[in-house]
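See below for the structure under consideration.
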Amino acid sequence: MTTFTGALRSSLGKKYLMGFTGLVWVGFAIGHLIGNFLLFAGREAFNGYAYFLEHLGHGMLIYVAEAFLALTILIHVANGINVAVLDKSAARPVGYQVKGNARGRTQKGLASQTMIWTGLTILGFLVLHLVTFKFAYLWEQVPDYKFEGTNIMTRDLYSVVVRRFSEGWYVGLYTAVMLLFGMHLKHGVWSAFQSLGLLNKKTTAPMISLAWVVSIVLSLGFLFLPVTVFVMNESFASPAGGLHL
Amino acid sequence: MSKEETVAKKQGSRYTVRVWRQAGKDKPGQLVDYQVDGIIPNMSFLEMLDVLNEQLTKEGKEAIAFDSDCREGICGMCSLVIDGVAHGPHSGCTTCAVRMRDFPSGSTITIEPFRAKAFPVIKDLVVDRSALDKIIAAGGYVSVNAGAAPDANSILVGKESADRAMDAAACIGCGACVAACPNASASLFTSAKITQLASLPQGQPERKKRVKAMVEEMDRLGFGDCSNHGECEAVCPKEIGINHIAQMRRDYLMATLAP
Amino acid sequence: MSTTLEQDLRAVASPLMNSNIPDGPLESKWTDYKGHMKLVNPANKRKYTIIVVGTGLAGGAAAASLGEMGYNVLNFCIQDSPRRAHSVAAQGGINAAKNYANDGDSVYRLFYDTIKGGDYRAREANVHRLAEVSVNIIDQCAAQGVPFAREYGGALTNRSFGGAQVSRTFYARGQTGQQLLLGAYSSLMRQVHEKTVTLYTRREMLDLVMVDGKARGIVVRNLVTGKLETYAGHAVLLATGGYGTVFYLSTNAVNSNPTAAWRCHKHGALFANPCYTQIHPTCIPQEGDYQSKLTLMSESLRNDGRVWVPKQAGDKRKPNEIPEEERDYFLERRYPAFGNLVPRDIASRAAKLECDNGKGVGLTGKAVYLDFRDAIKRLGQQVVKERYGNLFQMYEEITNEDPYKVPMRIYPASHYTMGGLWVDYNLMTNIPGLFALGEANFSDHGANRLGASALMQGLADGYFVIPYTLGNYLATKQPADNLTTEHEAFKAAAAKVQEMTDKLLSIQGDTTPTEFWRALGKIVWDNVGMGRNEAGLKKAIEEIKALRAEFWKKVKVDGRGDTLNKNLEFAGRVADYLELGELMAIDALHREESCGGHFREEYQQDGEAKRDDEKFCYVAGWKYTGDVSSPELHKEPLHFESIKLQQRDYK
């Protein structure tokens, strides 16, 4: 008799895990994007948001959340490599000499066939992202910030972000990766629902369209920020920060 | 050659056909080029191969082995990957129903066998698809012995359910879904049988047992994982949808969560 | 006793053809007989090995049922999977006397329609049994999960079919054969899983092995390795289909062939009524010599489509340009009561007659129109699409024409063979232990089969007849001995087959097997097809003899015998077609009457077939004598107790 944990090791189980962990990260990305937009509101708002997150649940909740995110991405990556590299070559040891795509309603395309590469690129970027933002204080000077009208001090994460986004190479890289991220989501979002068995004949096509929308919104949304900071650097680098036109 | 045949040859088109030749299982293989003449637009793809084989036989060469039987798109025996697409360029039909009018005169057509670990090549373009039978043997049935059935109308089945079951039951077991899948997954084939029986009251008693047994057999036979490319649905001659795969995943999840 | 062609044709029962019909009134024969049969003890069943050749409706159903009962079943098929058997191609439906439509159907009416449809050349007792078990078939298939068409309320729905005035045909879209076969196949695979049935795919039966006058095994060629294999059993069941491929162009699959049956015939099994072949009226017309097969479209199309030709011979206008008053709806005109729904043989001949009179349409002039214009007007395109969508799609794929806009062109093609191995009421041939089921036997359709009856017969034989009659045979005649393939008869049979294979490979002439096949097909179609006459049949016999002689001198089989070699497979079958084709002509020549699918031009009245019940109310069973050209005729007189013989009338 197959147990649930046993089932997770089956080919379908891999899909459940892939879809579930993917959706967790899509949820996180949406939250992250909303948070990012506080950058427009200025230094006080952004640092306040960071401070709020760090002190949720007596400062414990963030570790729980981070552990959960770390675990899910680990599963997502390990599974992805397993499915796209190991299982794939095992299931078709001799490939086709001529490659073609069927006409009509196939979802097979650049996005679906490069999930592993867009995924690994995003993973690499994620590491860079953590090093250059979250753990920036470990290797560079991060100024302190005192909230207005209080004695509460915190790290001025706002300044780290603005400084990074004033560097052209970084913004260029960020932009490229966000476009790949969009591609990953274009196949990944609807695919997650399909993998979890949540779609039927009527909902498949709308979900595929929705995935397009999500991928465009997230990818352009994330892009919007560094590009704006780069272009309007003076406004963002001012003491109050944020975008003043 | 009769006069009619001579005329037909003059009228028809010429193609270069690149065919995978392999003497037997585990033997080396390669693509070999052949010229074939006298092909007219309404000829089926397999009739073109028949013409080529007659030509090869006359030249004292070994004919190309390929599978076919009914030649009307229902038995599922014919296979072939034509220019990289299982069952060729025309959607919604099997190789035997593909017509030569779909190929520009003078073009080169590459023909390869269905490729998957679970479908070993037997000879040339012929592969062994018995793995699909094994998936059915694992549970793709309602366990009812001959003679034990109640009156047919004592089991009412709503039209919608019957139609849904029929959509899935249309599968001809050709294996094109496996051949087309970038991961060589048999998910579409397996899920079609699972949803057919899951849509009918007759299939309910064994529903959970069935989905588990069939999924596990599919995995055991070395088919790959499904990555939702949907290429299977696009090449399926019976246009069976990937919504059945979602249904299979639902059922398998339910079967393992609440056995 | 036996007679030869020249001798008296009066029907005298041959001792070789004891039909073993049980006594008692027709309605209760089968029930009483079942109740008194000898049974095999459940514990002993697994000691019996049953060889089933074929996995179509008859073979698949038989192998599954016998496996369920506990026999050790060996099941063989020529394709790579049992699900591919040609039963899969039947489209329209399956008859059953359920009377769900409340339109007056009954077992008797189905029985009567089948006897009448068969032009009074079938055995009453067999046909009645068929009608009786028809109702169980639907129950069985529904229970297996066959997705039959349903009403909104959930009950099964019916359609009407040629040759009947009631709606008794059950269907699953246009794929009824496929769905019924998949039902049988799923039951079969369940038994494979239970290990009661062992499956041998890609095997072609090439000979029967007889020990002490009984059928005890078979020789097959493993089509992948080319090796000859022998298998022993306590009975051999042939469910290998008909011989329609003798015509070369037919609606059969390219691998369908009568070799297994024919090789049994050469061991002494009587071949019954080979001249009864069915030409199906609604096929897509032939276009060129290259064609490998003809595609049939379900005759259910005749429910809503109207068949017509232009009134004016040689009218070359496009169909939609021909006004209503210049169209001849010839079936409706000639047969007002049945109209477009007359039986197949009648519809086919009527179409041929119109074409012979120069009214045929299309490039070749060998086609008539099947028009849905009025149906689309009456029902709307959506309803027509629901009913026939896949057929319309298939037609368009092949012809590149849209049948919603222009009428289909149709022409008759060889489709089904009513003749086959002679069997008694138990479905056993005159060789003890050799049974024939489904299309491979001759028994239930007389001289013409009604639409939607082939599926019914195949499943009836497999699910509900053979499980009983085989048990009776084993219990009374065949102990569960330990015969193995070590017995010398197996080695001798394999050696004989090997000899033939070697010979075919060694000739190395200049003509391929397919070329011979095509040439034979033309002779048979022209002379033993829809219309037959003495001169043509005699000519055909001579031509076939000459072609056969040429075959054995000039055939070219490329490649080797120890590998997958399609040419070699075809060559062996063509060798058999060249013999069976002659027997078809001999039988057609001897039957000096017209009945069902056998239409002798000399015997007609106002264009309708004229039977001769005085002289020909019998089953002709032909025995191989060692010389294909002089077979021995045996007769089983047909007795009609419940039905009065009369001229068929569909007017």
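Have a look at C:Ile643, C:Ser160, B:Ala180 and report the one farthest towards the positive end of the charge dipole of the protein assembly as shown, computed about the Cα centre with Cβ charges (Lys/Arg +1, Asp/Glu -1).
Result: B:Ala180.
Would you mind telling me the antiparallel percentage of the DSSP bridges in the stretch C:488-637, rounded to 5?
On the way: 9 of 11 bridges.
In the stretch C:488-637, DSSP labels about 80 percent of beta bridges as antiparallel.
Could you rank the peptides B:166-174, C:21-29 by their average count of other C-beta atoms within 10 Å per residue, with the highest value first? Walk me through the numbers on the way to the answer.
Values: B:166-174: 24.6, C:21-29: 14.3.
In decreasing order of mean packing, B:166-174, C:21-29 become B:166-174, C:21-29.
Can you pull the Rg over Rh of chain C, Cα-only, Kirkwood?
On the way: Rg = 23.7 Å, Rh = 24.9 Å.
Rounded to two decimals, Rg/Rh equals 0.95.
What is the average number of partner chain Cβ atoms found within 10 Å of a Cβ in C:78-90? Please report the intermediate quantities before stating the final value.
Values: counts 1, 7, 15, 11, 2, 9, 10, 3, 4, 1, 9, 7, 1.
For this peptide, the per-residue mean of nearby foreign Cβ atoms is 6.
Working out 0.36 nm times the residue gap between C:His639 and C:Asn44, then minus their Cα-Cα distance, what length gain in nm do you get to one decimal?
On the way: separation 595, 0.36 × 595 = 214.20 nm, distance 3.83 nm.
Contour length minus Cα-Cα distance gives 210.4 nm.
Which residues' amide hydrogens lie under 5 Å from the amide hydrogen of C:Thr169, considering only partners 5 or more residues apart or on another chain, with H built in the peptide plane?
C:Arg159
Which of the aspartates and glutamates could be linked to C:Lys195 by a straight reach, that is with a Cα gap under 15 Å, when you skip same-chain ones fewer than 8 residues away?
Output for C:Lys195: B:Asp133, C:Glu68.
Output ³J(HN,Hα) for the stretch A:44-55: one whole-Hz value per residue in order, computed from phi by the Karplus curve 6.51 cos²θ - 1.76 cosθ + 1.60 with θ = phi - 60°, and x for Gly and Pro.
For the stretch A:44-55, the Karplus-derived couplings read 4, 5, 5, 5, x, 5, 4, 4, 4, 5, 5, 10 Hz, x marking Gly and Pro.
Quick one: check the C-alpha center-to-center distance for the stretch C:156-171 versus the stretch C:12-26, whole angstrom.
After rounding, the separation between the Cα centres reads 32 Å.
At what distance in nm do the modelled label points of A:Leu120 and C:Asp612 sit from each other, each positioned 7 Å from its Cα along Cα→Cβ?
Result: 8.5 nm between the two label points.
Search the structure for amide H atoms under 5 Å from the amide H of C:Gln478, placed 1.01 Å from N in the peptide plane, and list their residues when 5 or more places away or on another chain.
Placed amide hydrogens put nothing under 5 Å from C:Gln478.
Can you find, among C:Ala535, C:Leu547, C:Gly559, the residue sitting farthest towards the positive end of the charge dipole of the stretch C:441-579, where Lys and Arg contribute +1 and Asp and Glu -1 at Cβ?
My answer, from the dipole projection, is C:Ala535.
In Å² (nearest 100), what accessible area is buried between B and A, both sides summed, heavy protein atoms only, 1.4 Å probe?
Numbers: alone 13370 and 14880 Å², together 24150 Å².
So the total buried area for this chain pair works out to about 4100 Å².
Going by the alpha-carbon gyration tensor, a ≥ b ≥ c the square roots of its eigenvalues, is the stretch C:280-414 rounded (a/c under 1.5) or, if a/c is not under 1.5, prolate (a/b greater than b/c) versus oblate?
On the way: a/c = 1.25, a/b = 1.05, b/c = 1.19.
Rounded, since a/c falls under 1.5.
What order, most packed first, do the peptides A:171-184, C:375-388 have when packing is the mean number of other Cβ atoms within 10 Å of each residue? All intermediate terms of the calculation are to be shown ahead of the outcome.
Values: A:171-184: 18.9, C:375-388: 15.3.
Descending mean neighbour count gives A:171-184, C:375-388.
Which of B:Asn228, B:Asn145, B:Asn53 moves the most in a Gaussian network model of chain B with Cα springs under 10 Å?
Top of the fluctuation ranking is B:Asn145.
Give the angle, between 0 and 90 degrees and rounded to the nearest 10, that separates the Cα long axis of helix C:566-590 from the longest principal axis of the Cα atoms of chain C.
The angle comes out at about 70 degrees.
Relative to the Cα centre, what is the charge dipole magnitude of the protein assembly as shown, using +1 at the beta carbon of each Lys and Arg, -1 at the beta carbon of each Asp and Glu, and rounding to the nearest 20 debye? Intermediate values should be presented prior to the final figure.
On the way: 127 positive and 120 negative charges, 291 e Å.
So the magnitude is around 1400 debye.
5 Å is the cut-off here: which amide hydrogens, built 1.01 Å from N in the peptide plane, fall below it relative to C:Ala235, excluding neighbours closer than 5 in sequence?
C:Ile51
What is the local net charge at C:Leu208, summed over the other residues whose Cβ is closer than 10 Å to its Cβ (Lys, Arg +1; Asp, Glu -1)?
Details: positive: C:Arg216, C:Arg263, C:Lys266; negative: C:Asp207.
Value of the local net charge: +2.
Please give the FRET efficiency for A:Ser209 paired with C:Tyr468, using the beta carbon to beta carbon distance and R0 = 56 Å, rounded to the nearest 0.05. Please list the in-between numbers first.
Numbers: r = 59 Å, r/R0 = 1.06.
Step by step, r from the Cβ atoms, then E = 0.40.
Calculate one ³J(HN,Hα) per residue across the stretch C:234-245 by plugging θ = phi - 60° into the Karplus curve 6.51 cos²θ - 1.76 cosθ + 1.60, and present them in order as whole Hz with x for glycine and proline.
Values, residue by residue: 9, 7, 10, 10, 9, 9, 9, x, x, 10, x, 6 Hz.
What FRET efficiency would be calculated for the residue pair C:Asn102, B:Glu206, taking the C-beta separation as r and a Förster radius of 35 Å, to the nearest 0.05?
Values: r = 34 Å, r/R0 = 0.97.
Computed FRET efficiency for C:Asn102 and B:Glu206 comes out at 0.55.
Suppose every Lys and Arg Cβ carries +1 and every Asp and Glu Cβ carries -1, with no other charges. What dipole size does chain C come out with about its Cα centre, to the nearest 20 debye?
Numbers: 79 positive and 78 negative charges, 216 e Å.
Dipole of chain C, to the nearest 20 debye: 1040 debye.
Taking each residue of C:176-189 in turn, how many C-beta atoms of other protein chains fall within 10 Å of its C-beta, and what is the average? List each step's numbers first, then the result.
Details: counts 0, 1, 9, 5, 0, 2, 10, 4, 1, 5, 11, 6, 4, 9.
If you average over the peptide's residues, the count of other-chain Cβ atoms is 5.
For the pairing of chain C with chain B, what total accessible surface becomes buried, with a 1.4 angstrom probe, in square angstrom to the nearest 100? Walk me through the numbers before you get to the answer.
On the way: alone 24430 and 13370 Å², together 31510 Å².
Counting protein atoms only, the buried area is about 6300 Å².
Please work out the FRET efficiency for the pair A:Val85 and A:Ile34, using the Cβ-Cβ distance as r and a Förster radius of 41 Å; give the result to the nearest 0.05.
Values: r = 34 Å, r/R0 = 0.84.
My answer for the efficiency is 0.75.
Within the stretch A:75-179, which trypsin sites (Lys or Arg not before Pro) sit in a loop by DSSP and count at most 13 neighbouring Cβ atoms inside 10 Å? Before the final figure, lay out the partial values.
Values: sites: A:Lys88, A:Lys99, A:Arg103, A:Arg105, A:Lys108, A:Lys134, A:Lys146, A:Arg155, A:Arg163, A:Arg164; in loops: A:Lys99, A:Arg103, A:Arg105, A:Lys108.
Sparse-neighbourhood loop trypsin sites (Lys or Arg not before Pro): A:Lys99, A:Arg103.
Quick check: Cα centre of the stretch C:425-461 to Cα centre of the stretch C:314-353, how many Å?
33
Run lengths n ≥ 4 of DSSP H only: what is the helix-derived mean residue ellipticity at 222 nm for chain A, with -39500 (n - 2.57) per run over all residues, to the nearest 500?
Counting only the DSSP helices, I get -21000 deg cm²/dmol.
Rounded to the nearest 5, what is the percent of antiparallel bridges among the DSSP beta bridges in the protein assembly as shown?
Restricted to the protein assembly as shown, the bridges split so that about 75 percent are antiparallel.
Could you pull out the GluC sites (Glu not before Pro) across the stretch C:528-625 that fall in loop regions by DSSP (anything but H, G, I, E, B) with no more than 14 other Cβ atoms inside 10 Å? Walk me through the numbers on the way to the answer.
Details: sites: C:Glu534, C:Glu542, C:Glu543, C:Glu550, C:Glu569, C:Glu579, C:Glu582, C:Glu592, C:Glu593, C:Glu601, C:Glu602, C:Glu608, C:Glu614; in loops: C:Glu592, C:Glu593, C:Glu601, C:Glu602.
For GluC sites (Glu not before Pro) across the stretch C:528-625 that sit outside H, G, I, E and B with at most 14 neighbouring Cβ atoms in 10 Å, the list reads C:Glu592, C:Glu601, C:Glu602.
Does anyone have the angle between helix A:11-36 and the longest principal axis of chain A? Alpha-carbon axes, 0 to 90°, nearest 10?
Its long axis makes an angle of about 20 degrees.
Charges on Cβ only, +1 for Lys and Arg, -1 for Asp and Glu, centred on the Cα centroid of the stretch A:105-156; of A:Gly109, A:Thr132, A:Thr154, which one is farthest towards the dipole's positive end?
After comparing all options, I get A:Gly109.
Per residue of the stretch B:107-117, in order, report the coupling 6.51 cos²θ - 1.76 cosθ + 1.60 (Karplus, θ = phi - 60°) as ³J(HN,Hα) in whole Hz, putting x for Gly and Pro.
Once θ is set to phi - 60°, the couplings for the stretch B:107-117 become 7, 9, 10, 9, 10, 10, x, 4, 10, 5, 4 Hz.
So how much accessible area does C:Glu287 have, in Å² to the nearest 10, using a 1.4 Å probe?
100
Length gain on complete extension for the stretch A:Lys202 to A:Leu138, per 0.36 nm per residue less the alpha carbon to alpha carbon distance?
Working: separation 64, 0.36 × 64 = 23.04 nm, distance 5.13 nm.
So the chain would gain 17.9 nm between A:Lys202 and A:Leu138.
For chain B, what are the per-bin percents of Cα-Cα distances with bins 10 Å wide, up to the bin holding the maximum?
The percentages, shortest bin first, are 7, 27, 30, 19, 11, 5, 1, 0.
In the stretch C:174-197, which residues have a backbone nitrogen under 16 Å from the label point lying 7 Å from B:Ala148's Cα in the Cα-to-Cβ direction?
From the stretch C:174-197, the list is C:184, C:186-197.
Can you give me the Cα centroid spacing of the stretch C:529-576 and the stretch C:363-401 in angstrom?
37
What accessible area per residue, rounded to a whole number of Å², is obtained for the protein assembly as shown using a probe radius of 1.4 Å? Working shown, then result.
Numbers: 42290 Å² over 1155 residues.
So the protein assembly as shown comes to 37 Å² accessible per residue, rounded to a whole number.
With angles folded into 0 to 90 degrees, how steeply does helix C:124-144 sit against the dominant principal axis of chain C? Use alpha carbons for both and round to 10.
90
Give me the extension gain from C:Asp212 to C:Val383: residue separation times 0.36 nm, minus the current Cα-Cα distance, reported in nm with one decimal. It would help to have the intermediate numbers written out before the result.
Numbers: separation 171, 0.36 × 171 = 61.56 nm, distance 6.05 nm.
Taking 0.36 nm per residue and subtracting the Cα distance, the gain is 55.5 nm.
Spin-label point model (7 Å from Cα, Cβ direction): what's the C:Tyr200 to C:His36 distance in nm?
Placing both labels 7 Å beyond Cα along the Cβ direction yields 3.8 nm.
Where does the Debye-calculated log10 I(q)/I(0) of the protein assembly as shown sit at q = 0.06, 0.07, 0.09 Å⁻¹, using only Cα point scatterers of equal weight, no solvent?
The computed values of log10 I(q)/I(0) come out as -0.53, -0.69, -1.05.
In debye, nearest 20, what is the charge dipole magnitude of the stretch A:135-235 about its Cα centre with +1 on Lys and Arg Cβ and -1 on Asp and Glu Cβ, if you could check? Write out the running numbers ahead of the final one.
Working: 7 positive and 6 negative charges, 125 e Å.
That gives a dipole near 600 debye.
Within the protein assembly as shown, what whole-number % of the accessible surface is contributed by carbon and sulfur, with the 1.4 Å probe and all protein chains included in the calculation? Intermediate results must be reported in sequence, preceding the final value.
Values: 23940 of 42290 Å².
The nonpolar share, carbon plus sulfur, comes to 57 percent.
The values are calculated or read from the model by the stated rules, or taken from the named source; none is laboratory data. For clarity, every value in this text was computed on a predicted model and none was experimentally measured. Because the Cβ atoms are built from the backbone with ideal geometry, glycine has one as well, and the counts that use them run over all protein chains shown. Remember, those area values only see protein heavy atoms, side chains included, never the ligands or the DNA or RNA. Shrake-Rupley method; radii C 1.70, N 1.55, O 1.52, S 1.80 Å.
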